[in-house]
Every structure is written in structure tokens, then in C-alpha cells.
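A.B. asks: One structure follows; several queries about it will come next.
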Amino acid sequence: QVQLVESGGGLVQPGGSLRLSCAASGSISRLNAMAWYRRAPGKQREWVAATTSGGSTIYADSVKGRFTISRDNVKNTVYLQMNSLKPEDTAVYYCNQSPPLRVWGQGTQVTVSS
């Protein structure tokens, strides 16, 4: 049984920062690539960023240069540092393997608004 628990979301003004965390447990290998995804209101879930077990990273063009994904393989936790946030970053953020498992966590809401 896989569990993915996201946290760290909140309300932030444009230009602000947030750091999301995702604790993974159960049948999920520390060797797997992990990723962050998001679902904005009225839109489908989209991929945001991914990291391999070795620390290589890749980003969607919309967040490149503003977001940083990282992981702690000992704690089996993945992070997403989000800087220079924009209103269009408003969404529920989820973590999962890359490619994703069928099981998803509850996500964490990020709202960027003045």
C-alpha cells in the first residue's frame, strides 16, 4: 500500500514563495523517479517537475527558473521550492512517481492572490 502525503500549501501574494513537502511510504521505491503535478481549477492535472533518485531534475517550461524540486532519499521525501509565484500557479499540488501510480494523495492547495 502506497501513501503519499503532501503539505506546505497556503495563500501567498504574487512574487512570494512556498515550500511543499511530500512524504512517501509503503510500496514505493527510493530508486524511482518522483514528480510534482498540479491541477488548476477547471483544468486537467499537469506535470510540473521531476527528479531521479540520483538527483537529476527536469521542469515544465511554465515553472523553469522559479521552482526547484529536490528529494531526501533517507526520509523518502520530495520537496518543491516555489519562488516568484504567479496567480496562474494557483492549483492543488500532488506528488507521485514519474510516471505516476494510480494512487494519489490528497494534495495541497496553493493559492496565489493579492
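A.B. asks: Once the piece of chain linking S25 and E88 is laid out straight, how much longer is it, given 0.36 nm per residue of separation minus the C-alpha distance between them?
C.D. replies: My answer for the length gained is 19.6 nm.
A.B. asks: Among rounded, prolate and oblate, which fits the range 19-70 when a ≥ b ≥ c are the square roots of the eigenvalues of its C-alpha gyration tensor, a/c under 1.5 means rounded, and a/b larger than b/c means prolate?
C.D. replies: Because a/c hits 1.5 or more and a/b fails to exceed b/c, the range 19-70 counts as oblate.
A.B. asks: Can you give me the accessible area per residue for the range 4-65, using a 1.4 Å probe, in Å²?
C.D. replies: Accessible area per residue, the range 4-65: 55 Å².
A.B. asks: Under a 10 Å cutoff between Cα atoms, tell me which one of V48, V78, V103 has the largest fluctuation in the Gaussian network model of the chain.
C.D. replies: Most flexible of the set in this elastic network: V103.
A.B. asks: Same structure, new question: Using only the alpha carbons of the range 29-105, determine the length spanned along each of the three principal axes and report them from longest to shortest in whole angstroms.
C.D. replies: 34, 28, 19
A.B. asks: Further question on the same structure: List the trypsin sites (Lys or Arg not before Pro) in the range 1-106 that DSSP assigns to loop (not H, G, I, E or B) and whose Cβ has at most 12 other Cβ atoms within 10 Å. Which are they?
C.D. replies: Here the sparse-neighbourhood loop sites are K43, K64, K75, R102.
A.B. asks: Roughly how many debye, to the nearest 20, is the charge dipole of the chain about its Cα centre, given +1 on each Lys and Arg Cβ, -1 on each Asp and Glu Cβ, and no other charges?
C.D. replies: About 100 debye.
A.B. asks: Still on this structure, I have one more. Over the chain, with every protein chain in place, what whole percent of the accessible area is carbon and sulfur at 1.4 Å, could you tell me?
C.D. replies: C and S atoms contribute 49 percent here.
A.B. asks: Hey, another quick one. Report the Rg/Rh value for the range 62-114, based on alpha-carbon coordinates and the Kirkwood definition of Rh.
C.D. replies: So for the range 62-114, dividing Rg by the Kirkwood Rh gives 0.99.
The values are calculated or read from the model by the stated rules, or taken from the named source; none is laboratory data. Keep in mind that what you see is a predicted model, and the values were worked out from it rather than measured. Cβ atoms come from the backbone with ideal geometry, glycine included; neighbour counts cover every protein chain shown. Each accessible area value is taken on the protein alone, full model and side chains, heavy atoms only, with ligands, DNA and RNA left out. Shrake-Rupley method; radii C 1.70, N 1.55, O 1.52, S 1.80 Å.
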